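**Student:** Okay, handing you the structure first.
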Number of protein chains: 2
Amino acid sequence: MARNDERRSALADAGIRVLAEEGARGLTHRAVDSAAGTPRGTASNYFPTRDDLISALVDRIGERLTPHPEAVSSRSARLPDRKLFADYLRDVVRRLSADPHVSLALFELRLEAARRPAVAEALGAWRQRAFQDDVAFNEGSGLPGGQTEIALFHYAIDGLMLDKLTAPIDTGLSIDAAIDEFVDRLIR
Amino acid sequence: MARNDERRSALADAGIRVLAEEGARGLTHRAVDSAAGTPRGTASNYFPTRDDLISALVDRIGERLTPHPEAVSSRSARLPDRKLFADYLRDVVRRLSADPHVSLALFELRLEAARRPAVAEALGAWRQRAFQDDVAFNEGSGLPGGQTEIALFHYAIDGLMLDKLTAPIDTGLSIDAAIDEFVDRLIR
């Protein structure tokens with residue numbers, strides 16, 4: 001990776017930490033420099049406006065949530081049944097849980113999107129693409145669940161993660177049990 | 001309502017607006033006074049600490065989300081089937097959608113709960129009670145769906161509302177269609 005790209009990613013990672021720890025309103029160029037340990041002005045050099053910064057964060061969140069190619073290829077030989085689909089879902093939830101800063105930053109950006117059209121645009125485009133990729137992945141690999149089911153899972157997993165990463169209530173369901181119940185019921 | 005209670009509610013409503021419009025980090029006594037149009041120092045008189053203020057907001061959010069007693073009693077004569085359950089869910093979603101400030105403020109508080117244990121405690125206790133009330137309501141009125149189903153609906157509706165109130169993606173499902181699909185599949 002070129003040195004500039006490394007610096008760019010490090011700054012974006014610092015921005016993700018700031019979002020998760022301070023909330024969207026704490027996200028300033030100065031806070032990013034301070035979290036990244038870079039001289040003041042560095043974040044502004046890479047991302048001149050706040051919208052540029054937010055775009056870069058959305059891209060970086062996408063990178064950090066992308067599954068390892070091996071994780072996908074190791075499963076591609078399996079029968080595309082609901083059990084395999086549940087395993088993929090568990091992978092998603094594992095990635096989101098293992099990297100709570102990324103998930104929390106993403107929730108912060110979604111609330112910021114309700115206030116700022118530029119954020120809504122950047123984030124909306126990325127989420128729309130992710131949704132369509134998920135639908136195409138299921139179709140392409142013969143997994144159960146079409147557009148409607150993928151939509152229901154998007155809503156359900158968002159709500160589950162929001163609960164588990166903030167102040168979880170005791171519903172009697174662990175994360176894994178909740179995923180199993182959702183797969184069992186949403187996929188027919 | 002006593003004059004003090006009115007002022008208290010008006011300040012809490014202003015706090016809800018501040019949360020929704022500025023995010024959790026914008027929530028200060030001064031911002032509440034400014035949004036409420038009260039002299040500086042008023043919010044601090046009513047809610048000396050930020051935790052007192054947040055507690056008051058949680059209570060007020062609960063009040064604003066409580067269904068009108070007539071809405072409940074007008075339905076209590078109906079057969080407690082999945083159709084009635086779907087109607088209650090639609091009521092919840094209608095209340096959340098009609099009052100987006102309340103829903104957004106609640107999401108802000110949930111993210112704040114990930115950062116501050118005092119918020120986690122106040123909000124967690126309230127949400128846990130609401131969850132148990134929902135389970136008890138279904139049981140008491142013979143509606144379909146026990147603790148597991150209510151848990152799944154809590155997650156699903158949270159994710160659905162977060163999507164619809166921020167930067168919604170096009171999944172091909174309207175809010176009503178999503179509710180119907182969830183009821184159809186989650187209740188057996």
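**Student:** If you check B:Phe107 against the conditions, is it crowded, with 19+ Cβ neighbours inside 10 Å, more than 7 Å from every other protein chain (Cβ to nearest Cβ), touching a residue at least 40 places away in the same chain (Cβ under 8 Å) and aromatic (Phe, Trp, Tyr)?
**Tutor:** Judged against the criteria, B:Phe107 is not a match.
**Student:** Considering each residue of region B:50-91, count those that are open to solvent by 60 Å² or more (accessible area, probe 1.4 Å) and within 14 Å of the chain's Cα centre (by Cα), and give that number.
**Tutor:** Looking only at that region, the number is 4.
**Student:** What helices (runs of 4 or more DSSP H) lie completely within region B:1-60 and have 3 or more residues being among the aliphatic types (A, V, I, L, M) and within 14 Å of chain A (Cβ to nearest Cβ)? Even if it seems obvious, please write down each step before you answer.
**Tutor:** On the way: elements: B:3-22, B:29-36, B:42-46.
Of the helices (runs of 4 or more DSSP H) lying wholly inside region B:1-60, those with at least 3 residues that are among the aliphatic types (A, V, I, L, M) and within 14 Å of chain A (Cβ to nearest Cβ) span B:3-22.
**Student:** Every residue in region B:127-145 that is open to solvent by less than 50 Å² (accessible area, probe 1.4 Å), within 12 Å of another protein chain (Cβ to nearest Cβ) and not aliphatic (A, V, I, L, M), please.
**Tutor:** B:Arg127, B:Gln128, B:Phe131, B:Gly145 - these are the residues of region B:127-145 that are open to solvent by less than 50 Å² (accessible area, probe 1.4 Å), within 12 Å of another protein chain (Cβ to nearest Cβ) and not aliphatic (A, V, I, L, M).
**Student:** Quickly run through region B:146-182 and pick out the residues that are within 7 Å of chain A (Cβ to nearest Cβ) and of a type in the set (D, E, K, R).
**Tutor:** Result: B:Asp158, B:Asp163, B:Asp170, B:Glu181.
**Student:** Which members of region A:136-165 meet the condition of being β-branched (Val, Ile, Thr) and touching a residue at least 40 places away in the same chain (Cβ under 8 Å)?
**Tutor:** Residue satisfying the conditions is A:Ile157 alone.
**Student:** Same structure, new question: Name the single residue that is farthest from A:Glu108 (Cα to Cα) among those in region A:158-171 being within 16 Å of the chain's Cα centre (by Cα) and buried (at least 21 other Cβ atoms within 10 Å of the Cβ).
**Tutor:** Filtering first and then ranking leaves A:Leu160.
The values are calculated or read from the model by the stated rules, or taken from the named source; none is laboratory data. Since the structure is predicted, the reported quantities are computational estimates derived from the model, not experimental observations. Glycine also receives a Cβ, built like all others from the backbone with ideal geometry; neighbour counts cover every protein chain displayed. Heads up: the accessible areas ignore ligands, DNA and RNA and are worked out on the full protein's heavy atoms, side chains in. Shrake-Rupley method; radii C 1.70, N 1.55, O 1.52, S 1.80 Å.
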